[in-house]
Structures are given as C-alpha cells and as structure tokens.
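K.L.:
Below is a structure I'd like to ask you about.
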Amino acid sequence: MSMSRSMSRHLVALSAAVCVAAGLAATPATAEPASKESATTESAAPKPRPKTLGELARKHHKYFGSATDNPEFTDAAYLKLLGSEFGQTTPGNAMKWYATEPEPGVFDFTAADEVMAFAKNHHQKVRGHTLVWHSQLPAWLTDRTWTAEELRPVLKNHIQTVARHYKGKVIHWDVVNEAFNEDGTYRESVFYKTLGPGYIADALRWAHEADPHAKLYLNDYNVDGLNAKSDAYYRLIKQLKADGVPIEGFGLQGHLALQYGYPAGIKENIQRFADLGVEVAITELDIRMELPATPQKLATQATWYADYVRACLAVRKCVGVTLWDYTDKYSWIPAVFPGEGAALPYDEDLRPKPAYHAIRKVLGG
Ligand code: G3I
C-alpha cells in the first residue's frame, strides 16, 4: 500500500481510542447479560457457550481467521481471543523475506515458527504470507543491482527453502504478492525488472516443487471488485492455467476504506475466478475510516463487513476470510494512513464492535 495516498488526503490524526472513550463499542459477546429468568432461577441450565466466528464459518465449510504478529505475543488477553475465536491465522510479517532470510543464504525462522506453534496449539490453519514481494525485502537484496543470472538462483533458493521449512504445515502460500499496478500493468519490482513477467510462473513452479500440497496463490489489494487490476489477474491466471503452471488460488486482500465507497461486483469477481478453476480467499480484510469513528461510520462499516463475508459465502470456491488482525489495538493503518483507523471488528480494548456482531449474524450466529 502506498504512503502517498494517505499523506495527501488526510490531515487530522486522531487516535482510534476516541471511539472507545466515546463508548461506541458494543458489549462483549463473551459477556452476554443473564436473562431475567436465569438470574432468578437457581436451577436454570447454564447458557451454551456462543459459537466462535471460526466455528460458525466451519458450518459453511470455510475458515474465519485473523492475521497476527510477534510483538503481540506478550499480550495475554489478545492471545486468548486470537486462539479461541479464530480458526485460521496468517503471520502478518514473520514469513516475509526480510525476516526469513536476513542475510544472503542465512535463514531465520524464529518469528514465523512462533506463530506456527501458536496456531498448532490452537488447531488453526495457517496461510503462508509471502514468498515474493517488492516490499519488506532485506537490504542485501535491495541495495545493489542484479543480473537475471544472479537473481534467479537467489529467488529460487529463497522460495524453496522457506516453502520446504513449512512443507505440509501451511494450507496456502501467497507466492507472489502485489504483482500488478492499479491500471493492470506489471509492477516494476526488482523481480519483474530483472527477470521479466515469467518470474511469476517460475515462482509458482519452484514453490510447488518444494511443497506440493500447499495451494499456491497470487494475492493483491484493490482487486475486490471488477476493475483493471482484477482483470489483469483474471487474464494472467487464465494463461498460467493454460500453460500448466501450478496456480490454485487468488487472494483478495480487502483493505477497504469507507471514504472510497464499497467496491462494485465483489461477488461477481469472486465467481469469475472460481469459474476459471481457482479458489478464492479473502486474505487481509479490514475496513478503515477517517477518525473519529462515529456510530454512523461504525454502522456502515458493519454493513460492509457483512456484505463482504456474504459475498464469500455465496461462492463455494471462496474458502475463507482472514482479518488483517482482529483488533484496532494492533492495526497497521494508523501508522500508514495518519488520521484513519478503527478498521477492525474489535476495538482497542478488545471489545467487539458492531462489525463483529454483523459478521456473526451473516455466519448464522
Ligand atoms: O522490524 C521493525 C522493527 O525493528 C522496529 O522496531 C519497528 C518500529 O516501528 O518497525 C519494524 O518494522 C515494521 C514492520 O511492519 C514489522 O513490525 C515496519 O516499520 C512497518 O512498516 C511494517 O508494517 C507492515 C506492512 O505490511 C509493511 O508494508 C505491517 O505490519 C503489515 O501488517 C503490512 O501487511 C501488508 C501485507 O503484508 C500485504 N498487503 C498489505 C498489508 C498492509 O500494508
């Protein structure tokens, strides 16, 4: 995501805590008030525990998950909800190139393994994110120029070493992340500029060799609806499939913002990729707003979350939804888009917001 868009548009930086202070968050789902009857009848049976988002989604044969990041692993209250409410997780940063191969040929899986261990202990599926991306690359890779002959083996070794380390342990890999510009032209990353567009097919083939069971995805933002960028992915995935390249999924990141409007044609877009023969995942959903959050904005946000989740439920090959973390406490947004935030279904105090309740309802809770 680019910094410049935020810089030019948003001048007022207010904390998302404003919304909390204003009492805009709803009652926690876990602390439902006792009914009159149960309060007065001593022998009344205890209310069954409400189903979690993960459990509700499973009834639709989908997962419902949240990204997470290692600094959050010291927050017990946060971890309790992460481990109980969600059936899937994605490491927000720990599997990126800068973290996994900080020096050439020297791999470090400490941070990512910590997320994997948490997921295993909580019976969560994991999406691998991400093997090839223009951002968050180590300095040794970005601080020099490369010839194709030099970069190809470096790229192959990175992909295969990381994918082999997690072989059989991740359900998906975002093999190439954010490969296109908004107008559907290729992003001029070091990989594209040095290796040409064929780096995408190569990356998919190398990842498949290393972990034949993980479903291999391309993943991007602003591809939720029908537009030039999602059209470019449609054409590319069609071609990759025709060429026998192992591409099995398309990830819609879903970083929406109230001020830009709800993207048109999300369900139709998901359906057209499903019809191409790939599955679709909603991989990084959050819906930000210009602060302060108001009851009206939070209500609109709740409707958008419900509509997006409903679009996934409507298509069999849409396999699940991942929030890009679940609480405003740990959202990436205020740092990148000053004056914006309140993007997630739980507030900064881990209290569910209207969006949480709207998602539950769509999932049948
Ligand atoms: O690693 C340094 C650490 O050493 C330092 O102390 C700290 C101080 O701020 O910064 C740390 O780096 C930060 C890094 O996250 C790890 O926490 C960077 O400043 C920060 O910019 C970086 O942000 C991440 C962002 O990707 C980078 O583009 C977000 O956490 C992460 O949620 C976000 O995720 C991306 C997806 O991977 C792809 N799609 C878009 C999405 C949002 O940008």
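The values are calculated or read from the model by the stated rules, or taken from the named source; none is laboratory data. A quick note: this is a predicted structure, and the numbers were derived from the prediction, not measured. Cβ coordinates were reconstructed from backbone atoms using ideal geometry, including for glycine residues, and neighbour counts include every protein chain displayed. Surface accessibility is based on the protein's heavy atoms, side chains included, excluding ligands, DNA and RNA. Shrake-Rupley method; radii C 1.70, N 1.55, O 1.52, S 1.80 Å.
K.L.:
Which ³J(HN,Hα) values in Hz, rounded to whole numbers, follow from the phi angles of region 211-227 under the Karplus curve 6.51 cos²θ - 1.76 cosθ + 1.60, where θ = phi - 60° and Gly and Pro get x?
P.N.:
These are the phi-based 3J(HN,Hα) values: 9, x, 9, 6, 7, 9, 10, 9, 9, 7, 9, 6, 10, 5, x, 8, 7 Hz.
K.L.:
Taking 8 Å as the Cα distance limit and 6 or more residues as the minimum spacing, I'd like the relative contact order of region 53-363 as a percentage.
P.N.:
16
K.L.:
If one takes the longest principal axis of the Cα atoms in the chain, at what angle in degrees, from 0 to 90 and to the nearest 10, does the Cα axis of helix 199-210 lie?
P.N.:
Once rounded, one gets 70 degrees.
K.L.:
Using a 1.4 Å probe and counting only protein heavy atoms, arrange 351, 164, 288, 205 so the residue with the most accessible area comes first.
P.N.:
Greatest to least solvent exposure: 164, 205, 351, 288.
K.L.:
Also, quick follow-up: For region 289-294, take each phi angle, set θ = phi - 60°, evaluate the Karplus expression 6.51 cos²θ - 1.76 cosθ + 1.60, and give the result in whole Hz per residue in order, putting x for glycine and proline.
P.N.:
8, 6, 7, x, 5, 10
K.L.:
Further question on the same structure: With unit charges on the beta carbons (Lys and Arg positive, Asp and Glu negative) and the dipole taken about the Cα centre of region 53-363, which residue among 191, 319, 210 sits farthest to the positive side?
P.N.:
Of the options given, the answer is 319.
K.L.:
Here's another thing I want to ask about it. What ³J(HN,Hα) values, in whole Hz, does the Karplus curve 6.51 cos²θ - 1.76 cosθ + 1.60 give for region 248-258 when θ = phi - 60°, with x put for Gly and Pro?
P.N.:
3J(HN,Hα) across region 248-258, in whole Hz: 10, x, 10, x, 9, 5, x, 7, 9, 9, 3.
K.L.:
Considering only protein heavy atoms, with the full assembly of protein chains and a 1.4 angstrom probe, order 289, 116 by accessible area, largest first.
P.N.:
116, 289
K.L.:
Testing the spin-label approximation: label points 7 Å from Cα along Cα→Cβ at residue 303 and residue 76. State their distance in nm.
P.N.:
Output for this residue pair reads 4.2 nm.
K.L.:
If we count every other residue with Cβ under 10 angstrom of residue 311's Cβ, Lys/Arg +1 and Asp/Glu -1, where does the sum land?
P.N.:
So the surrounding residues net to -1.
K.L.:
Let me ask another. Please list the non-local residues whose amide H lies under 5 Å from the amide H of residue 280, H modeled 1.01 Å from N, same-chain partners needing a gap of 5 or more.
P.N.:
Long-range HN contacts for residue 280: 250, 318, 319.
K.L.:
Would you mind working out the magnitude of the charge dipole of the chain relative to its Cα centre, with +1 at each Lys and Arg C-beta and -1 at each Asp and Glu C-beta, to the nearest 20 Debye?
P.N.:
With Lys and Arg at +1 and Asp and Glu at -1, about 1120 debye.
K.L.:
Report, please, the projected area of the chain averaged over directions, based on the convex hull of its C-alpha atoms, in nm².
P.N.:
Values: hull surface 75.8 nm².
For the Cα atoms of the chain, the hull's average projected area reads 18.9 nm².
K.L.:
Additional query: By how many degrees, 0 to 90 and rounded to 10, does the Cα axis of helix 266-276 deviate from the longest principal axis of the chain?
P.N.:
Roughly 40 degrees between the two axes.
K.L.:
Once you list every other residue whose beta carbon is under 10 Å from the beta carbon of residue 166, what net charge do they have if Lys and Arg are +1 and Asp and Glu are -1?
P.N.:
Value of the local net charge: +1.
K.L.:
What is the helix-to-structure angle for 110-121, meaning the angle in degrees between its Cα long axis and the longest Cα principal axis of the chain, kept from 0 to 90 and rounded to the nearest 10?
P.N.:
Computed tilt is about 50 degrees.
K.L.:
Quick check for me: using +1 on Lys/Arg Cβ and -1 on Asp/Glu Cβ, what's the dipole size of region 106-176 about its Cα centre, in debye to the nearest 20?
P.N.:
Dipole size: approximately 380 debye.
K.L.:
Still on this structure, please answer the following. Taking H as built 1.01 Å from N, whose amide H comes closer than 5 Å to the amide H of residue 219, not counting residues under 5 places away?
P.N.:
176, 178, 179, 251
K.L.:
Return the aspartates and glutamates within reach of residue 267: Cα separation strictly under 14 angstrom, same-chain partners fewer than 8 residues apart disregarded; answer none if there are no such residues.
P.N.:
Residue 267 reaches 224, 275, 279, 307.
K.L.:
On to the next question. If you rank 101, 188, 55 by how much accessible surface each has, with a 1.4 Å probe, what is the order from largest down?
P.N.:
188, 55, 101
K.L.:
Still on this structure, I have one more. With +1 on each Lys and Arg Cβ and -1 on each Asp and Glu Cβ, and nothing else charged, work out how big the dipole of region 135-292 is about its Cα centre, in Debye to the nearest 20.
P.N.:
My answer is approximately 420 debye.
K.L.:
Additional query: Could you sort out which of 120/361; 297/361; 96/215; 125/215 sit more than 24 Å apart by Cα distance in this structure?
P.N.:
Values: 120/361 28 Å; 297/361 19 Å; 96/215 18 Å; 125/215 13 Å.
Long pairs (Cα-Cα over 24 Å): 120/361.
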